[in-house]
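Okay, structure first, notes after.
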Amino acid sequence: MSVSVSPYGLHRVVAPAGVLPQQADRLDPSPPAQRGEVMIDVERLNLDAASFHQIREEQEGDPDRMRARVVSIVRERGKMHNPVTGSGGMLIGTVREAPERSELKAGDRLATLVSLTLTPLVIEDVSAWDGSSEQVPIRGHAILFPSGAFARVPKDLPDRLALAVLDVAGAPAQVKRLAGGRDTTIVVGAAGKSGLLAMVAARGRSKRVTGVVHHDDDVRALGELGFDDVVVADARDAVETLTAARALGGDERGAADLVVNCVNVPGTEAASILLAREGGTVLFFSMATSFTAAALIAEGVGKDVTLLIGSGYVPGHADLALGMMRQHATLRALFERRYAS
Ligand code: NAP
């Protein structure tokens, strides 16, 4: 490997030449860590929800096949970059070595805040994963580039809880920016990780915060958090979703001036756009979004809405999301029940 270390990890790109690691087909994850890199002994991956859902469907929920699929992707690509969804996830682990990084030392525990789609990774053992959750306990190592953001693993929260929250930390941070001064914010996929955080982040900023969920149980979960304006609909069915939104005061012109899409399946662009009122904003946090579909649907229905891509990075997003766990006991209890038990 070249000794010239790029802050963005260009020196780890195997193919094709000249692209950033995120765009690359294949990365070189081999030790040792170069100057400014961090070599991490990985304890647990958090697969992106869209990626986990796709692998589970593709492998018909068979844990052996799911393990084999994850291992084969990582072996082929040198990173956990799902070729179907294009998404990754993040990880938690312990620093093995961090040459010329004065702020880090061997033994420090951290969570990466950059995607697994650009993180060089080797999996040695994935046998402890039963395929039931996107959290994948592994033995292996990963490399964080000099530019790669990370958060120290908090000592006051369980690892699994911190991992679940940090994976989607961009969602509440984006919503915090966007929800202020709105009459109504509606979160589609409101009962998932990012959806719950988005709902809580919008509270007190928008006059009204409402949600679309997939199952009746989800209505109860959101009720525990004090959200009563929640409807059940399949967001892949735009007409059904818009009909359900009438219960939230919506009509054929939409139901909200901010729509936040937090689902983990493809095909929900139309519902999100139809739920937005003229002049409103749709934030597509979901990695299952087709931005072609979103743009063409908005054009096709003649709706002047601002379509935003939900970047996972906002300065301070990790502290914000972890802080929400500390401040909201009911939210934390719900997350612990679902993701940390
Ligand atoms: P999650 O916890 O799995 O939540 C997704 C929610 O969407 C679940 O409640 C799910 O319900 C619901 N849902 C699925 N199909 C639906 C449908 N047809 N209609 C209505 N709701 C439906 O996922 P997450 O971790 O919050 O992630 C959400 C999305 O954000 C994913 O697409 C993920 O890829 C993306 N993401 C983006 C970033 C970024 O940087 N932009 C970072 C992390 C994640 P059930 O599964 O119970 O049916």
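Which one of these is away from the ligand (no atom under 12 Å from the Cβ) and assigned to a helix (DSSP H, G or I): Arg182, Arg177?
Result: Arg177 is the single residue among Arg182, Arg177 that is away from the ligand (no atom under 12 Å from the Cβ) and assigned to a helix (DSSP H, G or I).
Kindly establish whether Glu299 is at pLDDT 95 or above and either surrounded by 23 or more Cβ atoms within 10 Å (Cβ to Cβ) or within 19 Å of the chain's Cα centre (by Cα) (or both). When the stated conditions are applied, Glu299 does not pass them.
The residues of region 38-97 that are part of a loop (DSSP other than H, G, I, E, B) and buried (at least 17 other Cβ atoms within 10 Å of the Cβ), listed by number, are Asp48, Gln59, Gly78, Lys79, Met80, His81, Asn82, Thr85, Ser87, Gly88. Among the residues making up region 60-72, those that are within 16 Å of Pro83 (Cβ to Cβ) and in contact (Cβ under 8 Å) with a residue 24 or more places away in the chain are Met66, Val70, Val71.
Taking region 242-281 as the range and being surrounded by fewer than 24 Cβ atoms within 10 Å (Cβ to Cβ), of a type in the set (Val, Ile, Thr) and either in contact with a Gly (Cβ under 6 Å, 6 or more places away or on another chain) or touching a residue at least 12 places away in the same chain (Cβ under 8 Å) (or both) as the test, the residues that pass are Val265, Thr281. For region 229-273, filtered to residues that are on the phi > 0 side of the Ramachandran plot and in a loop (DSSP other than H, G, I, E, B), the residue that is farthest from the ligand (Cβ to nearest atom) is Gly249. Scanning region 292-322 for residues that are among the charged types (D, E, K, R) and in a helix (DSSP H, G or I) turns up Glu299, Asp319. Checking Leu144, Leu157, Leu110 one by one, the residue that is surrounded by fewer than 24 Cβ atoms within 10 Å (Cβ to Cβ), away from the ligand (no atom under 16 Å from the Cβ), within 25 Å of Ile73 (Cβ to Cβ) and among the aliphatic types (A, V, I, L, M) is Leu110 and no other. Among the residues of region 226-241, those that are surrounded by fewer than 18 Cβ atoms within 10 Å (Cβ to Cβ) and of a type outside the set (A, V, I, L, M) comprise Gly226, Asp228, Asp229, Asp234, Arg236, Asp237, Glu240. Scanning region 209-228 for residues that are assigned to a helix (DSSP H, G or I), within 12 Å of the ligand (Cβ to nearest atom) and touching a residue at least 40 places away in the same chain (Cβ under 8 Å) returns a single hit, Ala221.
Could you run through region 109-126 and say how many residues are outside any strand (DSSP E or B) and over 24 Å from the mean Cα position of the chain (by Cα)?
Number of matching residues: 0.
Of everything in region 186-208 that's within 16 Å of the ligand (Cβ to nearest atom) and in a strand (DSSP E or B), which residue is nearest to Met287 (Cα to Cα)? Within region 186-208, the match that is nearest to Met287 (Cα to Cα) is Val188.
The values are calculated or read from the model by the stated rules, or taken from the named source; none is laboratory data. For clarity, every value in this text was computed on a predicted model and none was experimentally measured. Using ideal geometry, Cβ is built from the backbone for each residue, glycine included, and neighbour counts are taken over all protein chains shown.
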